[in-house]
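Any read-out appearing in this document is the output of simple, stated calculations on the displayed coordinates, not a laboratory observation. Being a predicted model, the structure only gives us computed values, none of them experimental. All Cβ positions, glycine included, derive from the backbone under ideal geometry; neighbour counts span all protein chains shown.
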Amino acid sequence: MKKFYLIALFIILNSSCFNKVISQTYLSSDQEMVYAIKNVTIISMTENNKVIENATVVIQNKIIQSINGSIPTNAKTIDGTGKWLIPGLIDMHVHTLAEGAPFVIYPTKGPIVSFNTQNIMTPYIANGVTTIFELSARPENIGQRNEIIRGDVIGPRIALAKAIGGKKANLTAKTTSDARNAVRIAKEEGYEFIKAYTWLNEEAFKAVVEEAKNQKMKVVGHIPEVFHEKPAKDFFIPHFSLIAHAEELSKQTNDYSYKKALEFAHLAKENGTWLIPNLTNMVSISKQAKSLESIKKLLGFEYIHPLMQSKWITSNSYYGASDKLIAYYNKLINFHILIVKAFKEIGVPMVAGTDAGISGVVAGFSLHNELKLLVEAGLSNEEALASATRLGAQWLEIDDKIGTIETGKFADLILLDKNPLESISNTRKIFGVFVNGQWIDKNKIETMLSDIEKWNNINKEKYDWKETLRKIREK
Ligand SMILES: [Zn+2]
């Protein structure tokens, strides 16, 4: 949520924490491989969600070359009998762990802890998450993306939003002209989107949104705290086009009624503002507040970097909340469900995002939780799938490239053993994933995951969050 400065903190770790990362590559030696998935049921996720039975899909040069066309003689065949093919999933709200050196220790000194990018990206891929939207983008994320594009790492496509208005950034974005400059600098640095953050004042917030429009950069974000209890029409403004979580709306009111949710939905509709409900995160906060056991039981916890495992357990800022606070979290969970219902009723698009990377939210695995929660909140299975495929691609304006299964699009695909239109939890029944045209079958996924687990087990003792913080303070 709002702790990304803490993610940056552990970069200045004592050198005893340094650990050489395992260099491991899972890339197939033949990038030019041609594949044909035969006899599969395609859930295309186009607007009319055309379902095509007994289909043959040919994948070549990273692209879906044909659907029900001829099969090239050199194609490697994948039997899709009794299986379902859906587009790769998009998590529209992540904070991916990345090394970096935001604090000067001495000139030429780089990051003290290095992370293996493959190990950071594998949980996404293992879960069929083939595109992510990084909402606290740093130069290191550009580096990670380069590693993936270069072919050194198998990972998702990464869209980048630069945050303006964090506690630190606010020092440079207090006035409208500073806010505009911050947007222009972000553009120059190569970020594609702007994230408006919590601590912007009203004028700076509006200047960020306006300048982003001038620079043709879409704006996602928080609703700054200054709007607290002000009329909702003040912060719903055109070009502020995606709210990072439903929590942003619930923080602006003490009225948790369906009527209030509808008011938000109407204003969102009028201003072209979409929503990332991010139900996962609030449910996770509530669970962590009550018990740390919920963390250890998280699906995929063993694949989290040991330093973050240590942080989530030994320095969990949600754990130990008062009964009153827990009751408040639960009230918010209920209100967020009403928000989803209201946005659905009014026809405001919602895209799936999870805050993957923050305490209690495991990359990749969390998106399947979100889909389930969206369905429990009232979306149909198909609507939930659309929120994590076509709609995300539309908001990012790459829907001509990904988000649906159509000829000519990039081959980001998940082959499922069971039908997700029957039960949304079937998105977890993954037989294999195509990542940018590369086939990763179940065996390979299991190998990649177990490699992380092994590395984590061997190196666990070297990473202790509290010790790390102590050493940082000593600097
Ligand atoms: Zn976040």
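Among the residues of the range 307-338, those identified as in contact (Cβ under 8 Å) with a residue 60 or more places away in the chain, under 23 Å from the mean Cα position of the chain (by Cα), in a helix (DSSP H, G or I) and under 28 Å from Pro123 (Cβ atoms) are Leu307, Met308, Gln309, Ser310, Lys311, Leu332, His336.
When the residues of the range 107-123 are narrowed to those that are assigned to a helix (DSSP H, G or I) and more than 26 Å from Ala186 (Cα to Cα), which ends up farthest from the ligand (Cβ to nearest atom)? Please lay out each step first, then the result.
To start, the set of residues in the range 107-123 that are assigned to a helix (DSSP H, G or I) comprises 117-123.
So of that shortlist, the ones also more than 26 Å from Ala186 (Cα to Cα) come out as 118-119, 122-123.
Working: Gln118: 23, Asn119: 21, Thr122: 21, Pro123: 17 Å.
Filtering first and then ranking leaves Gln118.
When residues in the range 47-81 are screened for being among the charged types (D, E, K, R) and outside any loop (DSSP other than H, G, I, E, B), 3 of them pass. Considering the range 199-244, the residues that are within 25 Å of Glu188 (Cβ to Cβ) and of a type in the set (Lys, Arg) include one that is nearest to the ligand (Cβ to nearest atom), namely Lys218. Note on the range 118-140: residues that are surrounded by fewer than 24 Cβ atoms within 10 Å (Cβ to Cβ) and touching an Asp or Glu at 6+ places or on another chain (Cβ under 9 Å) amount to 4.
Restricting the range 49-72 to residues that are exposed (fewer than 14 other Cβ atoms within 10 Å of the Cβ) and of a type in the set (S, T, N, Q) leaves a set whose member that is farthest from the chain's Cα centre (by Cα) is Ser70.
Okay, residues lined up against (1) in contact (Cβ under 8 Å) with a residue 24 or more places away in the chain; (2) closer than 21 Å to Lys297 by Cβ; (3) touching a Ser or Thr at 6+ places or on another chain (Cβ under 9 Å):
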{"site": "Val361", "(1), (2), (3)": "yes, yes, yes"}
{"site": "Glu383", "(1), (2), (3)": "yes, no, no"}
{"site": "Thr389", "(1), (2), (3)": "yes, no, yes"}
{"site": "Gly392", "(1), (2), (3)": "yes, no, yes"}
{"site": "Ser425", "(1), (2), (3)": "yes, yes, no"}
{"site": "Gln438", "(1), (2), (3)": "yes, no, yes"}
